[in-house]
Amino acid sequence: MGFLSSYLLCLFLSLPWAYGQLVPALFIFGDSVMDVGNNNHLPTLIKANFPPYGRDFFNHTPTGRFSNGKISADIIAETLGFASYQPAYLSSEAKGENLLIGANFASAASGYYEPTANSNLAIPLSKQLDNYKEYQGKVAEIIGAANATSLLSSGIYLLSAGNSDFVQNYYINPLLNSAYTPDQFSNILVQNYAQFIKDLYGLGARKIGVTTLPPIGCLPTVLTLFGSGKMECVERLNRFTETRRGCCGTGLVETSILCNPLSSVITCTNASEYVFWDGFHPSEAVNQILANNLLTAGFALIS
């Protein structure tokens with residue numbers, strides 16, 4: 001074994017998962033539910049890198065996460081033993097050894113239907129996959145091709161998308177909803193989802209977890225726009241004080257640029273009592289529940 005090979009092997013064996021991580025790396029794809037700041041680097045209005053986002057995050061810092069604090073990807077990473085979160089791939093933190101714990105490729109306003117992302121200047125899943133291919137090359141340069149293959153095949157892959165396809169496209173796009181029934185559009189999304197999973201598998205992914213869509217009719221924004229004045233939903237989450245509106249602003253429609261520093265004046269004081277942080281995204285308290293459910297359902301992926 002030559003010096004370079006020995007060095008690469010030593011580097012690979014010294015990776016954090018040898019000291020408590022349950023898996024070597026975590027890879028995240030999808031939309032705003034999983035985005036940790038990729039949209040900060042895009043010419044899109046769909047961003048969350050300003051207050052009051054991040055109000056309850058470390059140092060009360062807005063990072064691009066669409067929440068008052070941690071999102072489910074953060075909580076999953078912590079539970080799996082990672083000492084730091086997977087960096088947004090477009091961020092300056094996504095370089096060198098930081099890449100060896102995985103990366104986050106998600107982009108707010110993306111979805112299974114490519115025009116959803118394109119119309120919002122977000123990163124479609126096809127481009128997220130291209131970024132992942134680029135990531136693979138960077139990791140191979142750091143630890144060598146064989147070690148990179150092992151890391152990639154042993155890592156866990158999370159995918160959460162589909163919300164934006166309906167709420168930020170289908171239901172507000174008359175050309176689209178006149179061309180397809182909800183079932184027909186759903187079939188298109190399923191076909192695109194299946195192709196994405198096949199492509200991801202073809203690139204070496206073996207442990208893939210996919211979240212289902214939430215009850216879209218329960219989102220505060222949807223209740224406001226399409227609820228005809230009725231605000232009945234989510235009784236099963238009645239341990240929360242407020243389930244029908246978000247914490248930010250009025251809680252009825254505010255999200256992204258509508259949930260801005262001016263909203264702080266009327267933003268709730270205790271987001272842990274709210275199911276939603278803004279009109280579209282869950283609070284950290286609910287992200288904890290979602291992460292717990294994801295980990296329970298996907299426990300087989302860890303072994």
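The values are calculated or read from the model by the stated rules, or taken from the named source; none is laboratory data. The model shown is predicted, which means the values in this text are computed figures rather than measured ones. Counting neighbours? That spans all protein chains shown, and the Cβs are built from the backbone with ideal geometry, glycine included.
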If Gln128 satisfies all but one of (1) of a type outside the set (D, E, K, R); (2) surrounded by fewer than 24 Cβ atoms within 10 Å (Cβ to Cβ); (3) in contact (Cβ under 8 Å) with a residue 12 or more places away in the chain, what's the number of the condition it fails?
(2)
Does Ala109 count as part of a loop (DSSP other than H, G, I, E, B), under 14 Å from the mean Cα position of the chain (by Cα), modelled with pLDDT of 95 or more and on the phi > 0 side of the Ramachandran plot?
yes
Give me the residue from the range 64-90 that is closer than 16 Å to Pro282 by Cα and out of contact with any helix residue (DSSP H, G or I) (no Cβ under 6 Å at 6 or more places or on another chain) and, out of that set, surrounded by the most Cβ atoms within 10 Å (Cβ to Cβ).
Arg65
Among the residues of the range 241-264, is there at least one that is at pLDDT below 85 and more than 25 Å from His60 (Cα to Cα)?
yes
Failed condition for Ala108, given (1) more than 17 Å from Ala161 (Cα to Cα); (2) surrounded by 22 or more Cβ atoms within 10 Å (Cβ to Cβ); (3) in contact with a Lys or Arg (Cβ under 9 Å, 6 or more places away or on another chain)
(1)
In the range 283-300, which residues are crowded, with 16+ Cβ neighbours inside 10 Å, assigned to a helix (DSSP H, G or I) and either out of contact with any Leu (no Cβ under 9 Å at 6 or more places or on another chain) or at pLDDT 90 or above (or both)?
Glu284, Ala285, Asn287, Gln288, Leu290, Ala291
May I ask you to list the residues in the range 286-303 that are closer than 22 Å to Leu258 by Cβ and among the aliphatic types (A, V, I, L, M)?
Val286
Residue list for the range 268-282, filter: assigned to a loop (DSSP other than H, G, I, E, B), modelled with pLDDT of 90 or more and closer than 22 Å to Asn40 by Cβ
Trp277, Asp278, His281
Quick check: anything in the range 117-137 under 17 Å from Thr211 (Cβ atoms), of a type in the set (S, T, N, Q) and in a loop (DSSP other than H, G, I, E, B)?
no
Working carefully through the options Ala146, Ala140, find the one that is more than 26 Å from Leu189 (Cβ to Cβ), buried (at least 16 other Cβ atoms within 10 Å of the Cβ) and either basic (Lys, Arg) or free of Cβ contacts under 8 Å to residues at least 12 places away in the same chain (or both).
Ala140
Which residues, counting only those in the range 49-76, are of a type in the set (A, V, I, L, M, F, W, C), part of a loop (DSSP other than H, G, I, E, B) and under 13 Å from the mean Cα position of the chain (by Cα)?
Phe66, Ile71
